[in-house]
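Notes to accompany the following structure.
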Amino acid sequence: MAKFPFTDLHGFKDYVGFVKLCAPDLFPARQGVQPDEQWTLELAFVGLREGLRLSAEEKGPLGIFSECAALIEEAFDAYSVNHVRDGYLKLDAAYNLLKKVPTR
């Protein structure tokens, strides 16, 4: 399984911003990883789902995480049918919700 560049909610927030800027197809090449671990839209969204799971473990089952999960799935669906602006706006909404959850 691919490793993601976060270990807590604080790092996950940065990751959401990264995906928001790079999706659907502007991801940089990853150095030192296998070809199947290069960034793709699908892998980036696996990371988003994993980050939400990790965040809920860290902070508890907050309603914000459920809202973010729905927005992330809607973003993936939008990107999958080339509705880039809609996907971006959904990720941006999820990012703004996550910023409300205190870290550190």
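The values are calculated or read from the model by the stated rules, or taken from the named source; none is laboratory data. The shown structure was predicted, so the numbers you read here are calculated from the model rather than taken from an experiment. Ideal geometry is used to build each Cβ from the backbone, glycine not excepted, and the neighbour counts take in all protein chains shown.
Among the conditions (1) modelled with pLDDT of 95 or more; (2) in a loop (DSSP other than H, G, I, E, B); (3) under 13 Å from the mean Cα position of the chain (by Cα), the only one that Asp92 does not satisfy is (2). So for the range 75-92 (the condition being within 19 Å of Phe18 (Cβ to Cβ), surrounded by 13 or more Cβ atoms within 10 Å (Cβ to Cβ), touching a residue at least 60 places away in the same chain (Cβ under 8 Å) and hydroxyl-bearing (Ser, Thr, Tyr)), does at least one residue qualify? Among the residues of the range 75-92, at least one is within 19 Å of Phe18 (Cβ to Cβ), surrounded by 13 or more Cβ atoms within 10 Å (Cβ to Cβ), touching a residue at least 60 places away in the same chain (Cβ under 8 Å) and hydroxyl-bearing (Ser, Thr, Tyr), which makes the answer yes.
Of all residues in the range 1-52, those being touching a residue at least 60 places away in the same chain (Cβ under 8 Å), over 12 Å from the mean Cα position of the chain (by Cα) and not in a loop (DSSP other than H, G, I, E, B) number 1. Look at (1) more than 11 Å from the chain's Cα centre (by Cα); (2) surrounded by 15 or more Cβ atoms within 10 Å (Cβ to Cβ) and you find that Ile72 fails only one, number (1).
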